[in-house]
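Have a look at the structure below, then the notes.
Rule-based calculations on the coordinates, nothing more; no lab input. Because the structure is a prediction, the values reported are computed rather than measured. Don't worry about glycine lacking a Cβ; one is built from the backbone with ideal geometry, like all the others, and counts go over all protein chains shown.
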Amino acid sequence: MTFLQFAYRNVIRNRRVYAAYFMASSFSVMVFFIYSMLLFHPSIENQFIQEIAFLGMAFADVVLVIFTLFFLLYSLSAFLQARSKEFGILQQLGMDRGQLQKLVFVETMILGVIALGVGIFFGYIFTKFFFMIVKAMLLLDALPLYFSLEPFLLTALVFLTLFALISFAGTMFIRQSSIADLVSGGTQLRETSTYSKVGALSGFVFLFVSYALVIYSLFEMNVWISSVIILCAIFGSHFFFKDSLLSVIVNLQRFKNVYWRSTRIVTFSDALVKIRENARMFFIVTMVSTVAIISVGVVASLTSFANQYRESNPISVLYVSNPDNPFEQQHIDQLTRDFYEQNLTYTLLTAEIVKQTSAATRTPIQILSESDVNAIAAALKEPLVDLSPGEGLRFGKWVEQGRQELIHLRENTIYFHVENGYTHFPLPASAFDSPAYVLSDEDFVKIENAYLYGSWDESVSRVFAFHVPDWLRTEEIGLTLDREILHSYEQEISLPYYFDNPGLNYSYISSTFSLLLVTGLLVAAVLILAAGSFIYFKFYTNLEVDRRQFEALRHMGFTNEELRSVADKQLLPQFFLPWGLAMLHATFSFLFLQAVWVDIAAMSIAMEMLVVLGAFTLIQFVYYYLIRWRYFAHLQLQS
């Protein structure tokens, strides 16, 4: 038997130990390959979508590679620790340290190459399904499956390099261990359950401060607080598992009515040891799970914003012409031609905006008539305005409910009283460069003198609102104007007109957020799989010790039902303590995110957050029962 055959048979013989490692590796390869297929797709011609796809997929690929490297390094060290007795025996039989390191390197590379092949194979199979989702989300005409060497070569190059680094790092574990340590395997003395009182207190204090700052941000938003919250949550989680949990259990042992009951004495004693041994693993699982949940939650909230964008932009296509605009007729003709070419029926609504000066502030204000506003509101099925002479309404970003003011138009002796704002006003506030008001028709017709007593034509802007029932079909309307607007922003040029096509903007926003959602879900799936695998690895590392422990309990007279109860009580904390803290972190993170969204767009994301938390909780329970089933089988506790 050759050395390579020996290494291959070692991999096959230990396939049960390496199962989670192999599955996580293959899944990471598959996700990376699918992203690469979209990254190099030749059919995406839209430049904006190309940039979004490239940036999103490239970022996801980098995150996947970095995390996969860290994850596989940790899991490999756990597996090598589980096989340490085997390695010690091989050294006793005459295998030198160099050969053992070579064996570990070859085994890990064999496993990596197989995972690479399996991941690419299933990645190519599922790419068609992924393209169907992306096609629907990005509103593309076609996104066919294609064959190109670039995604295959990129994936192979990245992961072969990654597995080589991991394999080399695995040999370091062998180099740093003596034969005595290796042969002892799982029989070495387990760590004591000592803890630091300062560390225990620090864990609770850091967590309390982080959550208190989140509550504080609900009343007074300060984004800079987020960095303090994150640091407190990280340090708090570390000390919580390292010292705080141990202090709680040690103090519970003082209550005999709690500690000396049923099988709790065994459960508590084992919990002290396992929490101390696995504190670092619990911390890692908590952080990974938190990142996974928050990443999906953030992207889901962005998607919610995209869905609410339509409600906040009821006008299909809007063109506002300033008094000095020489392109007005040319642009209106171009827009009507675009509607004709797209075979879209529209209703054209017009209105006049008169510029005046506020006598109190000596700053410009803009006035619309009640009838013009109601004509637009009626077409859009928005609430109508009903004003009496001497009354007015604020609208747009200048709405402040409850603030009363008396406006005096300087150029015309007209006074009107304002108490409320028109929150349903259909025109975007960005179309106005100064405070805007709606006046009754009786007051509006009294405006005779022009702005600063100049020319009347220089005081009036015109609104052209094109209303289309099928709002999303307007994405091809006014593309030339949209490019001119974008160019003016880049060059900081002031244009004599304002143009807005919410249908086009929505296609960009929806495409971006939908792609981010798909990306976030797949990356989160890798993170969640890894988080559960960390616990799975630890179970296998300590499996021999646990098996001997339960065998001793069986000889002491414990029934199979009692042993199952002990195993359950030992398994539940290890699985749900880090998950519970991660859910708590995520919940407070979502509260902070809600405060941010309220500050930006007055938007509620409560439903999205409940769905995300509920979905991840369901996934965790499924994962728990799968691992519990395998764990009980290994301990021979199945009923």
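Values computed for the structure shown
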read-out	value
Segment Phe152-Tyr508, length gained on full extension (0.36 nm per residue, minus Cα span)	125.2 nm
Mean Cα-pair separation over length for the stretch 315-506, i.e. relative contact order, pairs under 8 Å, 6 or more apart, %	37 percent
Pairwise FRET efficiency - Val273 versus Leu472, Cβ, R0 = 51 Å, nearest 0.05	0.25
Nitroxide proxy distance, nm - points 7 Å out along Cα→Cβ at Gln5 and Phe40	3.7 nm
Packing-based exposure ordering (other Cβ within 10 Å, fewest first) of Arg410, Arg280	Arg280, Arg410
Qualifying aspartates and glutamates (Cα of each under 16 Å from Cα of Lys381; at least 8 residues distant if same chain)	Glu311, Glu370, Asp372, Asp470
Estimated distance in nm for a label pair at Gln308 and Val545, the labels positioned 7 Å out from Cα along Cα-to-Cβ	5.0 nm
Peptide ranges 319-326, 3-10, 446-453 listed from the most packed, as the mean C-beta count within 10 angstrom indicates	319-326, 446-453, 3-10
FRET efficiency estimate (nearest 0.05) - Cβ-Cβ, Arg337 to Thr161, R0 56 angstrom	0.55
Exposure proxy order (Cβ contacts within 10 Å, fewest to most) of Glu561, Glu405	Glu561, Glu405
Span per principal axis, largest first, for the Cα atoms of the stretch 350-483 (Å)	46, 33, 23
Computed E for Ile66/Val250 - FRET, C-beta separation, R0 45 angstrom, nearest 0.05	0.75
